[in-house]
Every structure is written in structure tokens, then in C-alpha cells.
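Worksheet: the structure to be examined is printed underneath.
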Amino acid sequence: MPRTKVKLKKERMSFFVNPELSERVSKLSRQTNQTVSEFARKALDEYIRQIELQKTEKELEEGYKANYQYYLNSQEEWKFADNE
């Protein structure tokens, strides 16, 4: 069965970096056999994932703290359930 290649829509982004960062990116892209664009896409994606994960962890922590008294009361209510 022939394989069809699906082209994903891409948008161009342009930004400036300092010469040192440009050289580091170029060097690593060559070492990893990736284009500079592919390397930059992966780096941006990973950085965004890290930020989103930190945000989610912070929201969970805030939720646990906000509901601490509720959990404490629930635990107290069930304290004797297993003793019967």
C-alpha cells in the first residue's frame, strides 16, 4: 500500500538572536543532523511544555492548599470507618 505524506501547515517566524546563540544552535543542529529550523521548533516546543507543566503544577498546589481544610475534615470523618 503506498504511503501518502501529509503536509502540515506551517507559519514563518522571524526573530533575532545574538551571534553566540546563533553559533551554538548551528553547531548543535549539525551535530544532531537537523536543520536549524527543526532544532529551533523542537527547542521552542520543549520550552513551552516546561512552562505549561510548571503552570499546571502550581495550579494543583494552589488547589490542594485551598482545599486543605476540606480534606482534613473528610479524613477526620472517616477516621473510625475501618475500626468497626
(Q) I'm checking my understanding of the structure. Among residues of region 32-59 that are part of a helix (DSSP H, G or I) and of a type in the set (S, T, N, Q), which one is nearest to Lys10 (Cα to Cα)? (A) Ser37
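Output the residues belonging to region 1-22 that are polar (S, T, N, Q) and either surrounded by 10 or more Cβ atoms within 10 Å (Cβ to Cβ) or at pLDDT below 95 (or both).
As a first pass, look at region 1-22 and keep what is polar (S, T, N, Q): 4, 14, 18, 22.
Thr4, Ser14, Ser22 - these are the residues of region 1-22 that are polar (S, T, N, Q) and either surrounded by 10 or more Cβ atoms within 10 Å (Cβ to Cβ) or at pLDDT below 95 (or both).
So in region 60-84, with the set limited to residues that are assigned to a helix (DSSP H, G or I) and among the charged types (D, E, K, R), which one is surrounded by the fewest Cβ atoms within 10 Å (Cβ to Cβ)? Show your work before the answer.
Initially, region 60-84 is screened for residues assigned to a helix (DSSP H, G or I), giving 60-66, 68-77, 81-83.
Remaining after also requiring among the charged types (D, E, K, R): 61-62, 65, 76-77, 82.
Numbers: Glu61: 10, Glu62: 10, Lys65: 9, Glu76: 9, Glu77: 9, Asp82: 6.
Ranking the qualifying residues of region 60-84, first place goes to Asp82.
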**Q.** Given (1) surrounded by 12 or more Cβ atoms within 10 Å (Cβ to Cβ); (2) at positive phi, index of the condition Val25 fails
**A.** (2)
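The values are calculated or read from the model by the stated rules, or taken from the named source; none is laboratory data. This is a predicted model, so every value here is computed, not measured. Note that we place each Cβ from the backbone using ideal geometry, even for glycine, and neighbour counts take in every protein chain shown.
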